[in-house]
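Contents: one structure, followed by commentary.
Readers should treat all values here as calculations from the given coordinates under stated rules, not as data from a laboratory. Model, not experiment: these values are computed from the prediction. Cβ placement follows ideal geometry from the backbone for every residue including glycine, while neighbour counts extend to all protein chains displayed.
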Amino acid sequence: MGAQHWEGRPVMTDFLDRHVRWIFPLPALVFVLVMMAFPLGYTVWVSLTGWSLSAGTPADFIGLKNYPALFQDERFRLAVVRTLYFTLLAMAVEVAAGVAIALLLDRDYPGKRVVNAIMLLPMMATPVAIAMVWLFMYEPSAGIINYVLRTLHGPTPLWIAGPISAIPALVLVDIWEWTPMIVLICLAGLSGLPAEVFEAAKVDGAGRWRTLWHVTLPMLMPTITIATLLRLIDALKTFDIIYAMTGGGPGYASETLNIYTYQQAFSYFSFGFASTALVVFFAIVLGMSLLMTGTRRIVEL
Amino acid sequence: MRCWRSMVVTAMLIAVGLAAGIGRPSAQAKGPYAGTTLRVLGANHPWTEAIRPLLKEFEGRTGIRVNLEAYGEDQLTQKLTTEFTAGSSDVDVFMQRPLQEARQYVQNGWYADLSAFVKDPAKTPADWNFDDFQGGAVGTERVKGQLTGIPIVVEHEVLYYRKDLLQQAGLPVPKTLEELKRAAEKLTDKPKGRFGFVARGQRSPAVTQFSSFLYGFGGDWFDPQTRKAALNTPEAIAALRYYGDVLRNFGPPGVLNMSWPQAVAVFAQGNAALYTDADSISTNILDPGKSTVADKTGVAPFPAGPKGAHMYSVTSWGLSIPAGSKHKDAAWEFVKWATSKEVTIRTQNGAVVPGARNSVWETPEGRAKFPADWIAAAKASAKGKSYDRPLVVQVGKARDIIGSAIVAAIEGQDVEAAAQNANQQFQALLDSEPK
């Protein structure tokens, strides 16, 4: 009887049953294919064409010709250097300051929740609005920063208007905006550390510095690595504040890879060449992320 | 957004169709294109703001509906270019910068040639009077035999100067670049935060305002006959050196980050004595609501260089119809109306934007908002050069190449080396383009 019941099952249900391990992840798979794999594949394809609206060349296959041309472009090479300079400078300061602030704030004090809420504000503000405010503050003759410096008889740098100071000035904005994120991640990490270890350290007579160096920081390391990785990927891709504040200027002094690519695509309309730069940019971001995750595995061991 | 818009359009078309079906006569009485909806893309520009309140009259008279969208100028170019590239655009009329994008758009076949409309007496009555437009302004719009647009805003480079400061120093209004340099030097008082001269120093925006300096020194971007780049000629190097020197020595700090809004801000706050830029931005300086030096500022023709006064005199904005528009005749009705004498008088008066119709400058309403010295300066410039940037397809790239040399000059680097470098890159760009 039972066997008959099984034979009478609708074909559809049978099919679903047999392929369930394919059907359940199917929506996710389709999403990944349509939203991620297709744009990436299409960009790679365009990077192999000479498509340019301004030169009037169609999207015809030209092989890898764009790639040597890209690496020969001095502007591109300098943009790579500036991107790394911006990213490493921002990341180093943000992580160091972020961890330090988190260690300072990791205790109970009145108004703790208010402080945490305030720290969210720079991250929540619109980047272009942030850029506009800093633009006014950085103004060399009328801006508030140089006004204060002048009153104190300090030096009055050109900030984003100077070729050498432009990137550090932009990094400062990035630090202001993103250090709180590191602080919050580290605070969460610190609150998750087991109390017993600290008690044991105390019993063993370890001082505050020793506890910090040999207990707290090693245990916090996975959290710090994740925070660093997040910041790394984001800082590499920074576009909004640079575009809104300097547009890559003065001259090309703050032109990072993202700005360079944007110019190639939407100012010169060389879509093939811009896609080539994007593919290389993608490889750089991917490479650095892999490097970081590799480091993370070592740290966690 | 697009989907939403096309739904609205469809809904409206259905509604109009129904209305016509029921036999409401009014739609018919309004004109042949009643019920059409035009999508018009404009720039964030005073002209757009001046035309917007007048649209109701046009809609009431013709029964054509106008949806006007406005974007920042670079965003507008990007939007148009991507829409036209995708080939799915439903734009019917757009504001265009003939010197910036016309060559590229002609190359891609994106314009409806307006000369067919202008010449057809059935579409354009004689009293609309195309001959009324300034010759140079129309010339800018003509690219490879096509009339790409009808000019709506014209522009000349002029000198803005502080009457009070020149008077106190006993200096005449500079008529030559030599006098300009001397006055700038004398009027610079850096400890007090006063600078003799200000102009654009940002890479790409600086190029157009540098052009009059280049022409005054006898230089040009390239030789159109031989297509040989001319950025390394002695004339061009002298012009670069001059521009870099005056801005570095007598200009405000941070000039490398200045396009016109930043430069205007310096001048309007009373921190600079002399300023060269387009006459079309004068409201920002001469309107007491926007400027602290409105009543102390005079406008003069651009000073003569060693080879004479050769300021640019161009059409900065025109109205165009894309080749892909499905409502070209209705779109032409709109363009014709927006550039008619009556409407030009009102935009010129309302937005203080100089238009291209000669007859409007003869009317008191057309002149009312412009100071006498402004009009005199514009008139003296009318015969200037009809381009303020090289006439190439890849304008954006060319501007960056030239702009880098300007930036190098302002920074005080080796001007000759920068000019050679720029010339080499510019020659490669010229060689890559069809003649």
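Place a point 7 Å from Cα of B:Asp120 in the direction of its Cβ. Which residues in the stretch B:336-364 have their backbone N less than 20 Å from it?
So the set is B:336-340.
Hey, got the dipole for chain A? About the Cα centre, +1 on K and R Cβ, -1 on D and E Cβ, debye to the nearest 20? Don't skip to the answer; put the middle values down first.
Values: 18 positive and 19 negative charges, 59 e Å.
With only Lys, Arg, Asp and Glu charged at Cβ, the dipole is about 280 debye.
Most fluctuating residue of A:Phe71, A:Phe15, A:Phe31 in a GNM of chain A with Cα springs under 10 Å: which is it?
A:Phe15
Looking only at A:Phe269, A:Phe76, A:Phe24, which one moves most when chain A is put into a Gaussian network model with springs between Cα atoms under 10 Å?
Largest GNM mean-square fluctuation: A:Phe24.
According to the Cα gyration tensor, what semi-axes, each the square root of 5 times an eigenvalue, does the equivalent ellipsoid of the stretch A:1-159 have, listed from largest to smallest in whole Å? Don't skip to the answer; put the middle values down first.
Working: eigenvalues 554, 249, 44 Å².
Equivalent-ellipsoid dimensions as semi-axes: 53, 35, 15 Å.
Give the residue from A:Thr179, A:Tyr243, A:His153 lying farthest towards the positive end of the charge dipole for chain A; charges sit on Cβ (+1 for Lys and Arg, -1 for Asp and Glu) and the dipole is referred to the Cα centre.
After comparing all options, I get A:His153.
Can you tell me, using C-alpha contacts under 8 Å and at least 6 residues apart, the relative contact order of chain A as a whole percent?
28
Under 8 Å for C-alpha pairs, at least 6 residues apart: give me the relative contact order for the stretch B:181-328, rounded to a whole percent.
In percent, rounded to a whole number, it is 30.
Please compute the volume of the convex hull spanned by the alpha-carbon atoms of the stretch B:234-316 and report it per residue in Å³.
Values: hull volume 9.6 nm³, N = 83.
That works out to 115 Å³ per residue.
Taking the Cβ of B:Ala70 as the center, what net charge do the other residues with Cβ under 12 Å away carry, scoring Lys and Arg +1 and Asp and Glu -1? Walk me through the intermediate numbers first.
Working: positive: B:Arg52, B:Lys79; negative: B:Glu49, B:Glu69, B:Glu73.
Overall, the nearby charge balance is -1.
Within a 10 angstrom radius of each residue's Cβ in B:253-264, how many Cβ atoms of other chains show up on average? Whole number is fine.
Average per residue, whole number: 5.
Order by neighbour count: B:Phe302, B:Phe130, fewest other Cβ atoms within 10 Å first, most last.
By the 10 Å Cβ count, ascending, the order reads B:Phe130, B:Phe302.
Of the candidates A:Arg113, A:Arg82, A:Arg21, which one comes out as most mobile in a Gaussian network treatment of chain A with C-alpha springs shorter than 10 Å?
A:Arg21
Taking only the alpha-carbon atoms of the stretch B:306-417, what semi-axes of the equivalent ellipsoid follow from 5 times the gyration tensor eigenvalues under a square root, in whole Å, largest first?
Largest first, the stretch B:306-417 gives 34, 24, 11 Å.
Using a 7 Å offset from Cα along Cα-Cβ at A:Arg210, what residues in the stretch A:164-196 end up with backbone N under 19 Å from the label point?
Correct set: A:196.
How large are Rg and Dmax for chain B when only the alpha carbon atoms are used, in Å?
Cα only, chain B: 23.1, 78 Å (Rg, Dmax).
What list of ³J(HN,Hα) couplings, whole Hz, do you get for the stretch B:293-298 from phi and the Karplus terms 6.51, -1.76, 1.60, once you set θ to phi - 60° and write x for glycine and proline?
10, 3, 7, 9, 9, x
Tell me what the protein assembly as shown gives for mean residue ellipticity at 222 nm when only DSSP H runs of n ≥ 4 count, each as -39,500 (n - 2.57), the sum divided by the residue total, rounded to 500 deg cm²/dmol.
On the way: 38 runs with 422 residues, N = 736.
Calculated at 222 nm, the ellipticity per residue is -17500 deg cm²/dmol.
Express in whole angstrom the spacing between the alpha-carbon centres of the stretch A:261-301 and the stretch A:184-199.
Measuring centre to centre over Cα atoms gives 34 Å.
Provide the per-residue ³J(HN,Hα) series for the stretch A:279-286, in order, calculated from phi with Karplus coefficients 6.51, -1.76, 1.60 and θ = phi - 60°, each as a whole number of Hz, with x at glycine and proline positions.
These are the phi-based 3J(HN,Hα) values: 4, 5, 4, 4, 4, 5, 4, 4 Hz.
What FRET efficiency do you get for B:Lys186 and A:Thr293 if R0 is 56 Å and r is their Cβ-Cβ distance, rounded to the nearest 0.05? All intermediate terms of the calculation are to be shown ahead of the outcome.
Working: r = 63 Å, r/R0 = 1.13.
With a Förster radius of 56 Å, E is 0.30.
Given a Förster distance of 41 angstrom, what is the FRET efficiency for A:His153 paired with B:Gln168, based on the Cβ-Cβ distance and rounded to 0.05?
Calculated transfer efficiency: 0.85.
Considering only A:Leu291, A:Leu84, A:Gly207, whose Cα is most displaced toward the positive end of the charge dipole of chain A, charges sitting on Cβ of Lys, Arg (+1) and Asp, Glu (-1)?
Farthest towards the positive pole: A:Gly207.
Of the beta bridges DSSP finds with both residues in the protein assembly as shown, what % are antiparallel, to the nearest 5?
65
Distance cut-off 31 Å, Cα to Cα: go down the list B:Lys326/B:Lys385; B:Lys144/B:Lys228; B:Lys336/B:Lys379; B:Lys326/B:Lys379; B:Lys119/B:Lys397 and report the pairs above it.
Flagged as over cut-off: B:Lys326/B:Lys385; B:Lys326/B:Lys379; B:Lys119/B:Lys397.
Give me, ordered by chain and number, the residues 5 or more places off B:Phe222 or on other chains with an amide H under 5 Å from its own placed amide H.
B:Ala230
Counting only other chains, what is the mean number of Cβ atoms within 10 angstrom of the Cβ of each residue in peptide B:393-401?
Mean partner shielding for this stretch: 5.
Just add up the charged neighbours of A:Thr49: K/R +1, D/E -1, any other residue whose Cβ is under 14 Å from the Cβ of A:Thr49. Mind showing how you got there, number by number?
Details: positive: A:Lys65; negative: A:Asp60.
Cβ neighbours under 14 Å give a net charge of 0.
Using the Cα atoms as the points, what is the convex hull volume per residue of the protein assembly as shown in Å³?
Expressed per residue, the convex hull around the Cα atoms of the protein assembly as shown is 260 Å³.
Using the reciprocal of the averaged 1/r over all distinct C-alpha pairs, how large is the Kirkwood radius of chain A in Å?
It works out to 23.4 Å.
Say R0 is 41 Å: what FRET efficiency, to the nearest 0.05, do B:Thr363 and B:Lys144 get from their beta-carbon distance?
On the way: r = 35 Å, r/R0 = 0.84.
That pair, B:Thr363 with B:Lys144, gives E of 0.75.
Starting with the highest mean, order A:211-218, A:45-52, B:226-233 by the number of other Cβ atoms within 10 Å, averaged over the residues of each peptide.
Result, highest mean Cβ count within 10 Å first: A:45-52, B:226-233, A:211-218.
Let's see if you can work this out: charge +1 on each Lys and Arg Cβ, -1 on each Asp and Glu Cβ, no other charges. What is the dipole magnitude of the protein assembly as shown about its Cα centre, in debye to the nearest 20?
420
For the stretch B:409-416, just list the computed ³J(HN,Hα) in residue order, Karplus coefficients 6.51, -1.76 and 1.60, θ = phi - 60°, integers in Hz, with x standing in for Gly and Pro.
Taking θ as phi minus 60°, the curve returns 5, 5, 5, x, 6, 5, 5, 5 Hz for the stretch B:409-416.
Picking from B:Gly216, B:Ala398, B:Thr297, whose Cα lies most toward the positive end of the charge dipole for the protein assembly as shown (charges on Cβ: Lys, Arg +1; Asp, Glu -1)?
B:Thr297
With each label point set 7 Å from Cα along the Cα-Cβ vector, what nm distance links A:Val93 and A:Ala37?
Modelled inter-label distance: 4.2 nm.
What average number of partner chain Cβ atoms lie no more than 10 Å from the Cβ of the residues making up A:246-255? All intermediate terms of the calculation are to be shown ahead of the outcome.
Working: counts 3, 7, 3, 11, 11, 15, 5, 4, 0, 2.
Going residue by residue through A:246-255 and averaging, the value is 6.
Counting alpha carbon pairs within less than 8 Å and at least 6 residues apart, what relative contact order, in whole percent, applies to the stretch A:215-301?
After rounding, I find 34 percent.
Give me the net charge for the shell around B:Val138: Cβ to Cβ below 12 angstrom, other residues only, Lys and Arg +1, Asp and Glu -1.
Surrounding charge for B:Val138 is -1.
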